[in-house]
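Quick note: the coordinates plus some simple rules give every number you see, no bench work behind them. Computed from a prediction, not measured in an experiment: that's the story for all the values here. We place every Cβ from the backbone using ideal geometry, glycine too, and count neighbours over all the protein chains shown.
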Amino acid sequence: MSTQLDIAKERIQYIDVARLYAMAMVFFGHFIERVMMLHDPTAAVLYKFIYSFHLLLFFILSGFISRDKDLEFGVGKFFKHRFFSRLLPFIFFTIVFLVPSAIFPGEFYHLKLPSVEGYIEGLILTVLGVPFFCIPSWFLLMLFSVEVVHYIAFRFLKSDLKIFKYDSKILIAIVAFYIIGYEVNLRGDFLNFTKQRIFNVLFIHEAITMYAFYLLGAYLRRRKFLMEKVSFKILIPGMIIAFLIVLFTFKLNTGPFNFNLYNSVVIFSAAHGNIFLFPLTAIAGSLFVFFLGKITPSQKTIVWMGQNTLILMCLNGAFYHYINLPVGKWVFTNFSGKPAMIFLLGLLMTIVSLALCIPFIYLLNRYIPQLVGKPKIKGPWLKNFI
């Protein structure tokens, strides 16, 4: 119980609210993707809009809540912590989602399920970092790699340069990691299914780029961004300006994309697009959600769900593989060419999906928190792992 209280004291409520908004965008984006794949033009625009910033936002938020004291761990202790909080949940949800794939029809792209060869191929791809049984869980692998980069690099970035202040090393490193990561991925094209190219080890190639955004989150935390009381006269105009920047720039990013099937930003495939427009839109969209999170009342259920985004990310696999496709087909058949209805039904689907996850979040936290990213907590079935 003391461990849970200690964790609660460290929370920043507006960040938890922002994390739920970010998670809602994942649910919305994955659903609207299914409608887009049926060639609905409204869904294509909504997809490009959401994907221009929503996963970058997660890395900025992750950097914001990162703890400097974790860098004081020895190598063994650090990797033990990250294994139990990142890789073990990935393994757990992979096993969980193997079961329904043998019973229910789902969308697994080219995998032939249920069949022995389908499971073998799927498990091999999962080991290669492409979790075909629970696609959304790939984020845990990339986050693990980003945190490893942070563990190695940040100890050299904490102190200021003698001639500059205000976390100058961090600002320089943000630009350096972004440019290096952008060029490495553009030239390397490590993960591209249209070219049958899979050169992936824990997404370390894209972790270089994403670390720039993670560092930005750490920088904002060190500058205490929105952590004090802020007037609505600042928050509302800031939110509106950030939203308008996204609105007027996301369509301008037309490439070059490694994975150009959708002509959109796809972090999974390290497809970024224009070197300048990509970070501009991503940062503006992220700031929009930061402001929105600060404005939103910290209602208990909202904050609680924001505290459980790791579980939500993986539970989204149930909708991604089994539910979004048939519902998306129904929406397309009945409402294609009606932009307002496509948007509203996508929003409704997001709210219903998140609501359906609530009892599963509760049960997982109640009985096996150690397996879903909370290894320090004791449960009725398992002892704490850390």
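Figures for the structure shown
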| item | result |
| --- | --- |
| Where labels lie 7 Å past Cα in the beta-carbon direction, separation of Ile240 and Ile120 in nm | 6.2 |
| Listed residue (Leu125, His30, Phe225) projecting farthest to the positive dipole end of the chain, Cβ model | Phe225 |
| Size of charge dipole - the stretch 2-371 - debye, nearest 20, with Cβ of Lys, Arg +1 and Asp, Glu -1, no other charges | 900 |
| Pairs beyond 22 Å (Cα-Cα), from Lys69/Lys376; Lys77/Lys376; Lys294/Lys374; Lys80/Lys300; Lys80/Lys224; Lys294/Lys378 | Lys294/Lys374; Lys80/Lys300; Lys80/Lys224; Lys294/Lys378 |
| Rounded to whole Hz, the Karplus (6.51, -1.76, 1.60) HN-Hα couplings of the stretch 216-223, x for glycine and proline | 4, x, 4, 5, 4, 5, 5, 8 |
| Phi to ³J(HN,Hα) by Karplus 6.51 cos²θ - 1.76 cosθ + 1.60 over the stretch 362-379, Hz, x for Gly, Pro | 4, 5, 5, 5, 6, 10, 9, x, 5, 8, 10, x, 10, x, 7, 8, 7, x |
| Rel. contact order, % - alpha carbon contacts under 8 angstrom, at least six apart, the chain | 31 |
| Per-residue [θ]222 nm for the chain (sum of -39500 (n - 2.57) over DSSP H runs n ≥ 4, rounded to 500) | -20500 deg cm²/dmol |
| Separation of the Lys77 and Lys251 label points, Cα + 7 Å toward Cβ, nm | 5.4 |
| Among (i) 57, 57, 41; (ii) 60, 51, 44; (iii) 66, 43, 39, the entry derived from the coordinates for Cα extents along the principal axes in Å | (ii) |
| Computed over the stretch 38-144: relative contact order in percent, which uses C-alpha pairs under 8 Å that are six or more apart | 25 |
| Positive dipole terminus of the stretch 2-371, leading residue within Phe58, Ser168, Gly255 (C-beta point charges) | Ser168 |
| Residues with amide H under 5 Å from that of Leu382, placed H, sequence gap 5 or more | none |
